[in-house]
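Worksheet: one structure, shown below.
The values are calculated or read from the model by the stated rules, or taken from the named source; none is laboratory data. All values derive from a computational prediction rather than experimental measurement. FYI the Cβ positions are ideal-geometry reconstructions off the backbone, even for glycines, and counts take in every protein chain you see.
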Amino acid sequence: MNTSPTGQSVREQRVLEPRRAIRRSLLGLLLLAVAVSGVGCTGVQPWERATLTSYAMRPDRDPLAGAMGEHIYFSRESSTGGRGVGGSGCGCN
């Protein structure tokens, strides 16, 4: 039986090598996921809260633009009914 310097047979090495590669890949993906998830974790300082609560940061600050956006979304998604509006896919209201 052929053995390597580590004492494993050639057949054992062929079986274990893909497993090591998969394990190494999964470990790399896990480390990447942890690194990416930690990027967005930040606290808001008290002096930054005034900027975040300003009128310009509100999504409903312009009712006309909101209504136009809803109309455009509904027109594009008419086959699914749009956002909260029933529809049959024909595009009529």
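The table for this structure:
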{"quantity": "Pair list, Cβ under 7 Å, 6 or more apart: region 55-75 residue without any contact (Cβ under 8 Å) to a residue 24 or more places away in the chain, other residue assigned to a helix (DSSP H, G or I)", "calculated": "ASP60/GLY66; ARG61/TYR55"}
{"quantity": "Among residues of region 54-66, those that are exposed (fewer than 10 other Cβ atoms within 10 Å of the Cβ) and either more than 26 Å from the chain's Cα centre (by Cα) or aromatic (Phe, Trp, Tyr) (or both), counted", "calculated": "4"}
{"quantity": "Pair list, Cβ under 9 Å, 6 or more apart: region 30-49 residue surrounded by fewer than 10 Cβ atoms within 10 Å (Cβ to Cβ), other residue modelled with pLDDT under 85 and assigned to a helix (DSSP H, G or I)", "calculated": "VAL44/LEU52"}
{"quantity": "Which listed residue, of SER25, SER79, SER88, SER75, is in a helix (DSSP H, G or I) and modelled with pLDDT under 80", "calculated": "SER75"}
